[in-house]
Amino acid sequence: MSVVTERYSRSQADYAAAREVIPGGVNSPVRAFRGVGGTPIFFERGQGAYVWDVDGNRYIDYVLSWGPLLLGHAHPAVVEAITLQAQRGTSFGAPTELETELARLVIELVPSIEQIRFVNSGTEATMSALRLARAATGRRLIVKFNGCYHGHADMLLVQAGSGVATLGLPDSPGVPPSVAAETITIEYNDLDAAAALFANRGAEIAAVIVEPIAANMGFVLPKPGFLSGLRELTQAHGAIFILDEVMTGFRVAAGGAQALWGLDPDLTCLGKVIGGGLPVGAYAGKRQFMQLVAPAGPMYQAGTLSGNPLAMTAGLTTLRTAFGGDASAFQQAVTRTARLADGLRMLGERYRIPVQVGNVGTMFGCYFLRQEGNQITSYAEAKAYADPQRYARFFWAMADQGIYLAPSQFEAGFLSTAHSDADIDETLAAAEVAFAGLVSSAE
């Protein structure tokens, strides 16, 4: 926990007040700072790469609302577009041209997608995609991977990583055993286990759902051949292959991880960036499957605010700004993400503190490891090898210097097109102070 408590005095007061009226004082568990200790930081405003807390402290922000803010906070084009739309109306509960425009843009950017249905969250997207997979196959079993988080639908809160990993909670009271029994979990990156499962129960499996980068147990990249191997297994056994690109979509590349790595999923789940910071989600994919969704087909799914004009406007403006015509700003953000990751690796080596740093596109992650030689490629290894106490000390050392990182090392970090070279310089300078402090505290 930070020793500079005066720096966060108003946040501490706000947290005490929030706990009186909100369970745990927060509306999403990881915000409670259980992974790093201390009091959650309450934020007041953001602009570009920066956020300011209620105590007036400025931070370079690497959380970016957990990924949606590809252009940074309060980008002028997004703010203007939302303002104009709000003046026309915030929600109609009826079709708008904006929905069709954003659908066409997503289909243009993501090669595997032929049709798309907008919803209001990533949880709705994954829940609906799995219902669609069961409708398409007539099968009941779902395969997911330990540590991959696909939202909080009952059938997906099985070995779900993320907040569950940070809080050390069971997966989860309130989920009936009969529902959990419909989901089979295996270790991420274990293609042999997936092959054995399909050999035994392939005729019962409706779908495999996977994060292309496991960004809810930290930042774990797929081993070579893992994702393509899953695609082959599903094709061989008549199951649906679902890529959950809620995080990676438009973050690692314009067409997501699937475009970057040449994957062709049946269904894709999206969220975050496609709403430009407003609540949104989507499930999308091959026409033959999407035509099963009501009213085109028999699989029912609906939502009062689905495709609402504010989220569609923010998403359209974000994607057009990031990828329309000149995408140099996005490429610069990719380059700066790599420079940040390389700098953290070098600091780990310089101070002989074992770290595992990964980056793809504008995403990155940093594990502090228990000992040299540890390598994390799965959830089991993340739980065994990650050092949350050392990360907590690093988190607060960075926060005290005006750098805001995820309050759990089981979460990925993000850059925006608003981050500058000077921001990376400032961040690495702060990280050097933090690494030096970790060494001195261990002596």
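The values are calculated or read from the model by the stated rules, or taken from the named source; none is laboratory data. This one's a predicted model, so the numbers in the text were calculated from it and none came from an experiment. We place every Cβ from the backbone using ideal geometry, glycine too, and count neighbours over all the protein chains shown.
Among the residues of segment 191-215, what is the count of those that are touching a strand residue (DSSP E or B) at 6+ places or on another chain (Cβ under 8 Å) and outside any strand (DSSP E or B)?
First, the residues of segment 191-215 that are touching a strand residue (DSSP E or B) at 6+ places or on another chain (Cβ under 8 Å): 193-194, 197-198, 201, 204-215.
Checking the rest, the ones that are also outside any strand (DSSP E or B) come to 193-194, 197-198, 201, 204, 211-213, 215.
Number of matching residues: 10.
Could you list, in sequence order, the residues of segment 52-104 that are touching a Phe, Trp or Tyr at 6+ places or on another chain (Cβ under 6 Å) and small (Gly, Ala, Ser)?
Residue satisfying the conditions is 67 alone.
Find the residue count for segment 84-109, including only residues that are in a helix (DSSP H, G or I) and within 17 Å of residue 274 (Cα to Cα). Spell out the reasoning first.
Taking segment 84-109 as the starting set, the residues that turn out to be in a helix (DSSP H, G or I) are 84-88, 97-109.
Then drop every residue that is not within 17 Å of residue 274 (Cα to Cα), which leaves 85, 97-109.
So the answer is 14.
Being at negative phi, touching a helix residue (DSSP H, G or I) at 6+ places or on another chain (Cβ under 9 Å) and surrounded by fewer than 16 Cβ atoms within 10 Å (Cβ to Cβ): is that true of residue 370 here? Steps first, answer last, please.
Details: at negative phi: yes; touching a helix residue (DSSP H, G or I) at 6+ places or on another chain (Cβ under 9 Å): yes; surrounded by fewer than 16 Cβ atoms within 10 Å (Cβ to Cβ): yes.
Taking the combined requirement at face value, the residue satisfies it.
Would you pick out the residues in segment 228-256 that are surrounded by fewer than 24 Cβ atoms within 10 Å (Cβ to Cβ), of a type in the set (A, V, I, L, M) and either free of Cβ contacts under 8 Å to residues at least 60 places away in the same chain or more than 12 Å from residue 106 (Cα to Cα) (or both)?
Selection gives 233, 236, 253.
Residues being out of contact with any helix residue (DSSP H, G or I) (no Cβ under 8 Å at 6 or more places or on another chain) and under 12 Å from residue 431 (Cβ atoms): count how many of those fall in segment 343-367.
2
Considering segment 186-242 alone, what residues qualify as being in contact with a Phe, Trp or Tyr (Cβ under 7 Å, 6 or more places away or on another chain) and of a type in the set (S, T, N, Q)?
Residues satisfying the conditions are 189, 216, 234.
Can you pull out the residues in segment 1-57 that are buried (at least 16 other Cβ atoms within 10 Å of the Cβ) and on the phi > 0 side of the Ramachandran plot?
Result: 25, 33, 38, 48.
Which of the residues belonging to segment 412-443 are within 23 Å of the chain's Cα centre (by Cα), assigned to a helix (DSSP H, G or I) and under 16 Å from residue 394 (Cβ atoms)? Steps first, answer last, please.
In the first step, residues of segment 412-443 are kept if they are within 23 Å of the chain's Cα centre (by Cα); the result is 412-420, 423-424, 427.
From the residues that got through so far, the ones that are assigned to a helix (DSSP H, G or I) too are 423-424, 427.
Hit for segment 412-443 is 427, nothing else.
Collect the residues in segment 357-400 that are assigned to a loop (DSSP other than H, G, I, E, B) and out of contact with any Ser or Thr (no Cβ under 9 Å at 6 or more places or on another chain), keeping them in residue-number order. Spell out the reasoning first.
Step one: filter segment 357-400 for residues assigned to a loop (DSSP other than H, G, I, E, B), giving 361-362, 370-378, 387, 400.
Selection gives 370, 371, 372, 373, 374, 375, 376, 377, 378, 387.
Taking the condition modelled with pLDDT of 95 or more, within 24 Å of the chain's Cα centre (by Cα) and surrounded by 16 or more Cβ atoms within 10 Å (Cβ to Cβ), does residue 335 pass?
On the way: modelled with pLDDT of 95 or more: yes; within 24 Å of the chain's Cα centre (by Cα): yes; surrounded by 16 or more Cβ atoms within 10 Å (Cβ to Cβ): no.
For residue 335, the condition - modelled with pLDDT of 95 or more, within 24 Å of the chain's Cα centre (by Cα) and surrounded by 16 or more Cβ atoms within 10 Å (Cβ to Cβ) - is not met.
Residues of segment 364-396 being touching a residue at least 40 places away in the same chain (Cβ under 8 Å) and either closer than 22 Å to residue 336 by Cα or hydroxyl-bearing (Ser, Thr, Tyr) (or both), which ones? Can you show your working first?
Going through segment 364-396, the residues touching a residue at least 40 places away in the same chain (Cβ under 8 Å) turn out to be 364-368, 376-380, 382-383, 386, 388, 390-396.
Once the filter is applied, which keeps residues that are touching a residue at least 40 places away in the same chain (Cβ under 8 Å) and either closer than 22 Å to residue 336 by Cα or hydroxyl-bearing (Ser, Thr, Tyr) (or both), segment 364-396 yields 364, 365, 366, 367, 368, 377, 378, 379, 391, 394, 395.
So is residue 200 farther than 27 Å from residue 321 by Cα and buried (at least 24 other Cβ atoms within 10 Å of the Cβ) or not?
no
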